[in-house]
Amino acid sequence: MNRNRKRRKRKRRGDERAAACVPSPSSASFDRDVFPVLLAAVRTTRQTGSSSSPPAALAARLLRCVLSRSPQTLSPLPRSLVALLPLLLSSSCSSVAALSCEVLGAAALRSMETGEMLASDTGIASGLARTLGSRSQRVIEAACNSILDLSASSVGRERLAGSPVLPRTLHLFCQVESVYGFAHSRSIECPESPTEANKILCLIIDTVVLLVNSCKIDNLQNLHQELVRNVLSLLYKIWKRTQLLRSSTDCNKWKNKLQSKEYEMSEAIFRLSIGLASPACPEPDVVRESIFGQTVSDFETFVLAYWEKSPNLYRRKQSTQKGSPVFAALHSTFNLGTAPDPIIESLIKGLVSCPAIASDELDINSFLHEVHDSLGDSAKYRQDIRVMRTQDPNDQTSSGCVTEEHFFDDGTVFIDEDAFIEKCKHAFKNGYSIALRGMEFRSEKVAAIASALADLFGQPSVGANIYFSPARSQGLARHYDDHCVLVWQLLGSKKWMIWPNQKPFLPRLYEPFDPLDGTLYENSGRVEVLLEGDMMYIPRGYVHEARTDVGGSEVNAYADYSLHLTLAIEVEPPFEWEGFAHIALHCWTEKQQLRDSQLVEFKGKVETSLSAIVLHVAIRLLSDSDPIFRKACMVAAKFGPSSSCTTTHLKAFRSNQRSTFDEILRKIDQNCSIKEALKRITLAVKERDDEAFQWMSWLRHLPQQGVDIIDFCNIFGALEELLEAFNSNPDQALDGFTAFKSGFCQRVVYEDARETFETLLEMYRTTRTQYMRGMLALHGAGAHAAHITWDMEVVQTASKCSRRAIPKVVWLHIAENEIIHVGAAANPTFGNLPPYLRKKDVLSYRVLVHLRHVTDFDPDNPSPSPSPPESDDGDSGHDGNPDRHHFSRGTATRIQGFRCHRGTIDGEQPAVNNGSGAFIGPTFNVSGPHLSFQHGTTVKQDTQPGRPDPVSQCNPCAAADETSREQDSAECQFKFIRPQDCNGSAGG
């Protein structure tokens, strides 16, 4: 006790002496009297490497005195002190580093301009990043508080988010034990608020959320993928745990310490996931073969004979279903093969609302700004889920005037998830069907299939809904859709009735639905029964309904209830043939303006851009009377990897698309009415109503490089200018417009239009993909920090039915042993690393499957599949132990295989165990942050796996002084993850 009192007295006397050295708040006096002493003290500390030396203590006392002076001392900071701050922040003395952070924060709070200047200094940002690597809790706390203070302004937040501070903060977030423990805790009790661990937990979470939400999307996409996956895994679990605790009244004090709101955490999760690589997606040809047939000609036949023309049913045999990787993936996604209650739980558990994004919105930042405070909310009725049944199905009239009875009120938000699940189970037992929208935003495997299908049809995206119906029921009433639908029966059976489309025009996306007329007689419809695995195509505009009271002997082996997935191929307005015509006109107009030609004169000049507006309107009017303009344009369709067969069919398909465009040009030249277009424009200007021209807003996404830039979002001004020019000389203007139309139809270049079309498609697809990744992350897709895998067993099963069903690309995941390189002097190169920096990777390999041998199986006596090898380290991954070999035993024909050894090239000898726990083997190199071994190298295996470091290979501060980790023995050491806390948890 006396010793501590004496120590405090000595410290107080030292502070008084240091205060005497600090002059009045003048920059000149600071530079003259304080700066030399402070610089000498810091330099001496760095040279000696001691954190408790007298120079370090002197520097700390001087900084305390700076903080204790009047606020004018910090506003503005002396330039010499600003120049010295990066060195102070990098000090090995924890007191100096922490006090330097406090000086930064105090100066930023004193003046916003000073805070912006300090946050923009690259040296200070790098110094802050180094302080985040300290083991001292005091330094970490001071650094996080300093970051929050510097982020008081939008400029400061943006500068820090774009500096090394962000990745270093994310690295810290993954390593702190309190963060890891809170994320993985299964307790529903609130953490104790007074503990220091919980204070630093809240502080680090607030810092991470603030920096991520302030960072530009492009900078987030440059972060290391493995780092982002580990952060997402922890942040998602913290977000869900915070939601779980929000209803507890005992957690109010703890929640007040956490400044980040739930919607801010969900936005951070959304933003981080945008830059992640897409999940392993089946190639378009795999999806094509699973749906339309084994050959490219099958899909070509579908497009020519059925696409947007007529329904078509695809029957699937039981053996074909098991051999399809797409069907197998879907079947495993929804927990099928169980009772209805577990299926309902798997569909609704973890459901998050998916707010709608505007069809022509190409800036994900605008979307995030619009839904800022509602992102991550609980599911909302009708927007995300519907629970309904058709009333009195036996009393349906021929006109189809049937209403739907909904179990919940519109707009209901389901905050209590467990109560919501129980209500859905009760509704299901009472004949209500459950319809879940946006499955491509909730399931990685559905998202992968939808993306591949969008590539196949050359569209921005494909939607997916799931329908779960009880026995003897009808969910949706008789209706038609404004998009084409692929219905995939995953469980049970369902009877469909489809009526032919009586209208010559396909319905446009987002347009109001017409009421069903009285021509739909029961005996005029087509009846089809879908069994498990079957798929049916229904074009847009075809009226249909479905029921589960199938009856008949063909369904005795199937469940009474039904579950099917609908894949909606939504054709956005720019990607119809009308949209392609508008794009072609825009490209040709841009060329004309750049060449400064094709100007039409009448008492002056009617500019080319105004002539183009008239023709845009005329093409729109023509599309209302000619059905070809409403059909989907598939010039960007992808058939999969190129081969001689695929290339031949692709050339024929593209030739067909080119012929369609030539026909459209001919119809524009012959049937487009310039007079009718001018009448519509005149009427709109007279009534001051441009509602009829809002469809042109998507044209703003096309590049404009000419002299006259048209604002397609505010087209009214251009229409007034056009009408004024026309009224000056109507006859001459009309002739000029007609000549402009003829010139476009004769000289437009198809390749230019196709290139711009594909560019616009990629812009749409990028935004849709960003939205999809964000919503998948909010549904826990990134919570496991692992790639999606397509079942390798499909290869074995597929070989029993068809070689074409074998997937050409699969993902293989191998948990790598933790290794330490031992040199010639038997000194471990990484032996002095702390446990949390030891790395254990999960290696992901994209495996190309090549067929080497075909064996006929005896179906009556098949060979059993080999059991997966056990793991050495307790996890579920295959360690690739070269001493372990596995064989399949059976009485039928055996599959002839070959041994493969991890780390060896074909033809070389595998590594052998020398009996001392190490392996001696040949040279092998592994791409990525791994070691390269030479002949005769000894590799020792560490039997205790450590906490994986997500950025050991990409830490922006990896070159920082190791002395920054040495702390005063009197201070509390910051607690990182212990190896035993993560035993066997490869990949975080």
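The values are calculated or read from the model by the stated rules, or taken from the named source; none is laboratory data. This structure is a prediction, so every number in the text was calculated from the model and none was measured. Quick reminder, even Gly has a Cβ in these numbers, built from the backbone with ideal geometry, and neighbours come from all protein chains shown. Note: areas computed on protein heavy atoms with side chains; ligands, DNA, RNA excluded. Shrake-Rupley method; radii C 1.70, N 1.55, O 1.52, S 1.80 Å.
Once you put a point 7 Å from the Cα of ASP416 and another 7 Å from the Cα of ASN729, both along the Cβ direction, what distance in nm separates them?
So the label points at ASP416 and ASN729 sit 7.7 nm apart.
How would you rank 115-124, 729-738, 483-492, highest first, on the average number of other Cβ atoms within 10 Å across their residues? Don't skip to the answer; put the middle values down first.
Values: 115-124: 20.3, 729-738: 17.0, 483-492: 22.1.
My ranking of the peptides, most packed first, is 483-492, 115-124, 729-738.
Taking the Cα-to-Cβ direction at THR295 and at ILE709 and moving 7 Å from each Cα, how far apart do the two end points lie in nm?
Spacing of the two 7 Å Cα→Cβ label points: 5.4 nm.
Go through THR295, THR207 and list them by solvent-accessible area, largest first, probe radius 1.4 Å.
THR295, THR207
How large is the accessible surface per residue of the stretch 76-141, computed with a 1.4 Å probe and reported in Å² as a whole number? Intermediate results must be reported in sequence, preceding the final value.
Numbers: 2020 Å² over 66 residues.
About 31 Å² of surface per residue is accessible.
Measure off 7 Å from each Cα along the Cα-to-Cβ vector at ASN671 and GLU762, then give the distance between these two points in nanometres to one decimal.
The answer from the label model is 3.4 nm.
Contour minus end-to-end for PHE716 and ALA28, with contour as 0.36 nm per residue of separation and end-to-end as the Cα-Cα distance? Intermediate values should be presented prior to the final figure.
Values: separation 688, 0.36 × 688 = 247.68 nm, distance 6.19 nm.
Answer, rounded to one decimal: 241.5 nm.
If the limit is 18 Å between Cα atoms, which of LYS199/LYS257; LYS667/LYS741; LYS216/LYS257 go over it? Mind dumping the intermediate values first?
Values: LYS199/LYS257 7 Å; LYS667/LYS741 11 Å; LYS216/LYS257 27 Å.
Among LYS199/LYS257; LYS667/LYS741; LYS216/LYS257, the Cα-Cα distance tops 18 Å for LYS216/LYS257.
Over 24 Å between Cα atoms, which of LYS423/LYS445; LYS349/LYS445; LYS429/LYS494; LYS631/LYS679 qualify?
Checking Cα-Cα distances, LYS423/LYS445; LYS631/LYS679 exceed 24 Å.
Once R0 is set to 45 Å, what does the formula 1/(1 + (r/R0)^6) return for the Cβ-Cβ distance between HIS372 and ALA40, expressed as a FRET efficiency to the nearest 0.05? Display every interim value, and only then the final one.
Numbers: r = 50 Å, r/R0 = 1.11.
According to the calculation, E is roughly 0.35.
Hey, any idea what Rg/Rh is for the stretch 575-748, computing Rh the Kirkwood way over Cα pairs? List each step's numbers first, then the result.
Working: Rg = 17.5 Å, Rh = 17.2 Å.
Reported Rg/Rh, Kirkwood definition of Rh: 1.02.
Provide the per residue accessible area, probe 1.4 Å, for the stretch 575-748, rounded to a whole number of square angstrom. Walk me through the intermediate numbers first.
On the way: 7890 Å² over 174 residues.
Heavy-atom accessible area per residue stands at 45 Å².
Just need the relative contact order of the stretch 575-748 here, percent rounded to a whole number, with Cα pairs under 8 Å and 6+ apart. Walk me through the numbers before you get to the answer.
Working: 148 pairs, mean separation 61.6, N = 174.
Over the stretch 575-748, the number comes to 35 percent.
Quick one: which of 662-670, 560-568 comes out on top by average Cβ neighbours within 10 Å, and what's the full order, highest first?
Numbers: 662-670: 15.4, 560-568: 22.1.
Going from most to least packed, we get 560-568, 662-670.
As an exercise, use a Förster radius of 51 Å and the Cβ-Cβ distance of LEU109 and ARG688 to find the FRET efficiency, rounded to the nearest 0.05.
0.45
Any chance you could run the full-extension gain for ASP409 through LEU313? It's 0.36 nm times the residue separation minus the Cα-Cα distance, nm to one decimal. Before the final figure, lay out the partial values.
Details: separation 96, 0.36 × 96 = 34.56 nm, distance 3.58 nm.
Answer, rounded to one decimal: 31.0 nm.
How do 470-477, 709-716, 145-152 rank on mean C-beta neighbours within 10 Å, highest first?
Put in order of decreasing packing, that is 145-152, 470-477, 709-716.
Quantify, in whole percent, the carbon and sulfur part of the accessible surface of the stretch 575-748 (1.4 Å probe; protein heavy atoms only). Let's see the in-between values first.
Numbers: 3640 of 7890 Å².
Accessible surface attributable to carbon and sulfur in the stretch 575-748 totals 46 percent.
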